[in-house]
Amino acid sequence: MTDNQDASRAKHSYFTRLSHAGRAATHSHGFVNPPVHRGSTLLVPDVATRRAPTNRFERQLTYGVGGTPTHWPLEDIVAEVEGGTRCQIVSSGLSAVTTPLLAYLKTGDHLLMPDSVYGPSRNFCGNVLAKFGVETTFYDPMITPDDLAKLFKSNTRVLFIESPGSHTFEVQDAPSLAAVAKSKGAKVLMDNTWGIHHFQPFKHGIDVSIQALTKYVAGHSDVILGGITTNSDEDWELVRGMSMALGQFASPDDCWLALRGVRTMAVRMDRQEKSALEVAAWLSRQQDVQRVLHPALPGSPGHDFWKRDFTGACSLFGIVLQQGVTQGAMDAMINSLDLFGIGASWGGYESLVLPTTGSLTRSANSGEFGGPIMRLHVGLEDPADLIADLDHGLSVLRGFVG
């Protein structure tokens, strides 16, 4: 792409860029979508070519695991969505968390991790990093900058942010917390999966942004992928180097499916945001519901930070049932739902429900909510139908006899 084309595209709206990024020019002769490039071995014409030095910042076909012309357009689009310069595609959302942690941490280092973090990320700290001599302190996601500063040690190398928090949706004061980390010489990593399209991490002090591309980018619940985006050469070298050292790779077929999914991501997310807000607002008025944990609703933890830092919301949120509702009653409600499938993940076109109570691990006194919790993902169904399904479920809850 020429400099003029780059400048022209920068003037276009977000929706237009999602439609055109990572594609050949509009008037070129060829198919709309790029092809799938499958392969491991790349042949070269002679030994001199084989031995020629490579530029670590230039894309060059060397071996399949290094990336292909199918991976690169997806990396470009994710980097553009995140507002960064380069993206490394990896095999899963969890790999997008663990790869940069391994890149920035070594034996003897200290990591600060929010208490509300995604469960597998938490498990990695306790089951893997601890074995290699990395200490993790879990902090209250709603911690103030002053209190966070007190948790830093001389060997604290990374502050990890996940905002909103997994399952309980605490929106963190990311810019202020990142500023504390920078003043202490630490790097800031953020799981921005919920905030894709609505939160620009590099404008708020983040060094590395993590995405589970499984969710909204792929969008159809049939792909597992992760993305790690950076905004500096220094961070790119560390992330890319660790990814290559670990042999991280994503199938070109999955990358192609994610490329297809991302073209409609903005439209899907816009519809799902509106539907989720309608469902969340209805739930907030129901007598059996104590709280709705939706960052866009007043009263949700960190709502003011959401208003300040985000341009919108996604379609995943939680609800806290009234104190006194048993887990058995909640389970009966969930089992009675027709349109909400019981399953993990989110970001696809279908609605999902997942019981949260009993699966939270907290160690920083941030896990008390006063009633059973469940997580809802709102898909592309008619919100009126989803509300009717939930209304039936709440009637089952009220009539439950355990």
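The values are calculated or read from the model by the stated rules, or taken from the named source; none is laboratory data. All values derive from a computational prediction rather than experimental measurement. In this analysis, Cβ positions are derived from the backbone assuming ideal geometry, glycine residues included, and neighbour counts consider all displayed protein chains.
Tally time: how many residues in the stretch 119-135 are crowded, with 20+ Cβ neighbours inside 10 Å and not basic (Lys, Arg)? Going through the stretch 119-135 one residue at a time, the tally reaches 5. Please tell me if THR361 is out of contact with any helix residue (DSSP H, G or I) (no Cβ under 8 Å at 6 or more places or on another chain), outside the structural domain of LEU74 (by TED's automatic domain parsing) and in contact (Cβ under 8 Å) with a residue 60 or more places away in the chain. No: the conditions fail for THR361.
The rows are residues; the columns are (1) in a strand (DSSP E or B); (2) closer than 17 Å to GLN290 by Cβ; (3) touching a Phe, Trp or Tyr at 6+ places or on another chain (Cβ under 6 Å).
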{"residue": "LEU339", "(1), (2), (3)": "no, no, no"}
{"residue": "SER345", "(1), (2), (3)": "no, no, no"}
{"residue": "TYR349", "(1), (2), (3)": "no, no, no"}
{"residue": "LEU354", "(1), (2), (3)": "yes, no, no"}
{"residue": "SER363", "(1), (2), (3)": "no, no, yes"}
{"residue": "GLU381", "(1), (2), (3)": "no, no, no"}
{"residue": "LEU386", "(1), (2), (3)": "no, no, no"}
{"residue": "LEU390", "(1), (2), (3)": "no, yes, no"}
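Listed by first and then second residue, the pairs linking a residue in the stretch 37-65 that is in a loop (DSSP other than H, G, I, E, B) and surrounded by 10 or more Cβ atoms within 10 Å (Cβ to Cβ) to a residue that is of a type in the set (Phe, Trp, Tyr) and at pLDDT 80 or above, with Cβ atoms under 7 Å apart and 6 or more places separating them unless they lie on different chains, are ARG59/TRP72. In the stretch 201-229, the residues that are on the phi > 0 side of the Ramachandran plot and outside the structural domain of PHE310 (by TED's automatic domain parsing) reach residues that are of a type outside the set (Gly, Ala, Ser) and not in a loop (DSSP other than H, G, I, E, B) with C-beta atoms within less than 8 angstrom, at least six apart or across chains, in these pairs: GLY205/PRO175; GLY205/LYS182; GLY205/VAL188; GLY219/VAL262; GLY219/MET265; GLY219/ARG268.
A residue that is assigned to a strand (DSSP E or B), surrounded by fewer than 17 Cβ atoms within 10 Å (Cβ to Cβ) and β-branched (Val, Ile, Thr) can be found somewhere in the stretch 136-151. Applying the criterion of being of a type in the set (Asp, Glu) and within 17 Å of GLY219 (Cα to Cα) to the residues of the stretch 236-275, the residue that is surrounded by the most Cβ atoms within 10 Å (Cβ to Cβ) is ASP254.
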